[in-house]
Amino acid sequence: MARLILFLVLAAGVALAAGWFASEPGSVTVNFRGETYETFVGVLVVIIAVIAMAAVLLYAVLSGLLSVPKRLRAWRERRRADRGLKALARGMVAVAAGDARTADREAGRADRLLDAAPLTLLLSAQAAQLQGDEQAAEKYFREMLARPDTEFLGLRGMLLQAGRAGDRAAALAYAQRAAELRPDSSWVQRSLFELSVKAGLWTEAEEALRRAVRRGAIDAETGARHRAALLLQQSNDAERRGYVDEARNLARKAAGAAPGSVPAALRLAGLDRATGRLRAAKRGIERAWRSGPHPQLAAAYGPLTETGKEESDEARALARAQGLRRLSDIHPLHPESHLAMAEASLDAKLWGEARGYLAKAERYFREAEGAGGPPARLYRLLARVEEEEKGDAAQAARWLALAGEAAADPRWLCSECGHGFATWHPCCPACQGFDTLAWGRPEPLTRIAVIPGALPLAALGAGDGNRGGGRNDRPAEAPERTAEAGPPGQPTETQPVEGRRAEGQPVKE
Ligand SMILES: [Zn+2]
């Protein structure tokens, strides 16, 4: 619209000018090399206009011709970049799909077409990794390290390479360099935390953990648990070096970091007891028990209730049974309260009380939703009461047989390797995973299909206590009992896990 108006205005202007020149003819005389030219002013204006237009046209044509090579070059570069980007995209897709050959081919193509763009280096490195060529991958990552725009990405690549090669020191150095570059990156703080833990650098690990939690890389609850585990590890180290007070302070911090943490409460109570603070020890356990009853809390509480003035084992057992009531009264309906009281009553030979608590516990495990049935521990206690009160070995044996079939007792189970332990450790003794142990019942291993032609059990050394873990890469130093192994007295059919695994595939049902 605006153009139309402009055109109309211009046309009107030209018409007016033409009209004006026609009405005012005037004349121009030019003397040039002895010749005299005479014409109207309007004609001269038209001649000048035509010459100007011709000059403009000539300039346009000439400059267009002169810029052809440049434009051709720009077009070629655009096409090259376009093909390079397409190769890059195909290469990335191939990496994601695990197609090593295509990834390598497209990486080479992208490298030729896109001269060393950051993404090309990354693709080349990933393609090399897919091909299993770690050296080439490292070369590309090193190239990335040298460029400011790819240094961070290169560090990540080198860190992963070092991790795969098992070179923890190098991995830690790369993580530290990455943390200097981008201290707020969540993967950096997470890696720094994990690598510092593996290297035993507890203070550095604590700092990295704090940042990782702040960045949301580790959730607050897990962060608090990890912090408690870090402090407990340091507490262990301090005690080993003979600094009991420092060890106790660290355990107190751990209990504060994760209130209700059973390992922290147990450790603090142990150190309180060792330094003569019996009341503090009891209070700490009561606090943790309030958050959640746990058999190991009850076991640690009992001895704290002895006054030290008892003269016989019987008197000590009686003191424990009476003292434990204070703990069980906090959660009087909890099955752990019943079981703990039953056990203490049995030790004190209070048969009637023991039977009463066992009946309550049994009712709970049978009726409560999600209780999972009576655990082996309950049956073992029932066997004890028959054996110790009445000497009824036959009935005790029946209870023990039931214990063999019952749900396995809970243990500290490693979420990484599946091994189970009687006591908690900051690092799993089997796989060295940090803070991987959680209290729980091992998976029931109910029945294993018998594979025809399997070797006789005796030939496999079954029942030598070295029963099957969930993995083949079992540590030389095996834990007391593995996660998948059942409680003692389990029917023979479930025992030779390892033997059958060697033969073929155990079938879990
Ligand atoms: Zn483990």
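Throughout, read-outs are computed from the coordinates displayed, never taken from laboratory work. This structure is a prediction, so every number in the text was calculated from the model and none was measured. Positions of Cβ are generated from backbone atoms using ideal geometry, with glycine treated the same way; all protein chains shown enter the neighbour counts.
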Which parts of segment 189-208 would a label at Glu416 reach, counting a residue when its backbone N lies under 11 Å from a point 7 Å out along Cα-to-Cβ? 194-195, 197-199
Ala438/His331 FRET efficiency (R0 30 Å; Cβ-Cβ; nearest 0.05): 0.90
Determine ³J(HN,Hα), in whole Hz, for all residues of segment 430-440 in sequence, where each value follows from phi through the Karplus function 6.51 cos²θ - 1.76 cosθ + 1.60 and θ = phi - 60°; x replaces Gly and Pro. 7, 10, 6, x, 8, 6, 9, 8, 9, 6, x
Over segment 259-359, what is the relative contact order in percent, taking alpha-carbon pairs closer than 8 angstrom and at least six residues apart? 22 percent
Using only Cα atoms, tell me the angle between helix 262-274 and the longest principal axis of the chain; keep it within 0 to 90° and round to the nearest 10. 50 degrees
Considering all alpha-carbon pairs of segment 294-407, what whole percent are spaced by more than 18 angstrom? 51 percent
Quick one: Debye curve from the alpha-carbon atoms of the chain only, equal weights, vacuum; give me log10 I(q)/I(0) at q = 0.06, 0.10 Å⁻¹ to two decimals. -0.52, -1.01
At a Förster radius of 35 Å, what calculated FRET efficiency corresponds to the Cβ-Cβ distance of Lys86 and Val14, to the nearest 0.05? 0.10
At 222 nm, what value in deg cm²/dmol follows for the chain if DSSP H runs of at least 4 each add -39500 (n - 2.57) and the sum is divided by all its residues, to the nearest 500? -20500 deg cm²/dmol
Any chance you could run the full-extension gain for Ala52 through Asp184? It's 0.36 nm times the residue separation minus the Cα-Cα distance, nm to one decimal. 41.0 nm
For Thr436, other-chain or 5+-apart residues with amide H closer than 5 Å (H placed, Pro excluded) are Cys428
What ³J(HN,Hα) values, in whole Hz, does the Karplus curve 6.51 cos²θ - 1.76 cosθ + 1.60 give for segment 341-358 when θ = phi - 60°, with x put for Gly and Pro? 5, 4, 5, 5, 5, 4, 4, 8, 6, 8, 4, x, 4, 4, 4, x, 5, 5
What FRET efficiency, computed as 1/(1 + (r/R0)^6) with R0 = 25 Å and r the Cβ-Cβ distance, is obtained for Arg279 and Ala315, rounded to the nearest 0.05? 0.75
Across the chain: Cys residues that no other cysteine approaches within a C-beta distance under 4.7 Å: Cys427
Dipole of the chain [Lys/Arg +1, Asp/Glu -1 at C-beta], most positive-end residue of Leu333, Gly256, Ala54: Ala54
For the residue pair Leu6 and Asp149, what label-to-label distance in nm results when each label sits 7 Å from Cα along the Cα-to-beta-carbon direction? 3.8 nm
A chain fully extended from Lys349 to Glu367 at 0.36 nm per residue, minus the present Cα-Cα distance, gains in nm 3.7 nm
How charged is the neighbourhood of Ala238? Take every other residue with its Cβ under 13 Å from the Cβ of Ala238, and add Lys/Arg as +1 and Asp/Glu as -1. +2
Residue separation between Val28 and Gln131 times 0.36 nm, minus their alpha-carbon distance, gives in nm 28.4 nm
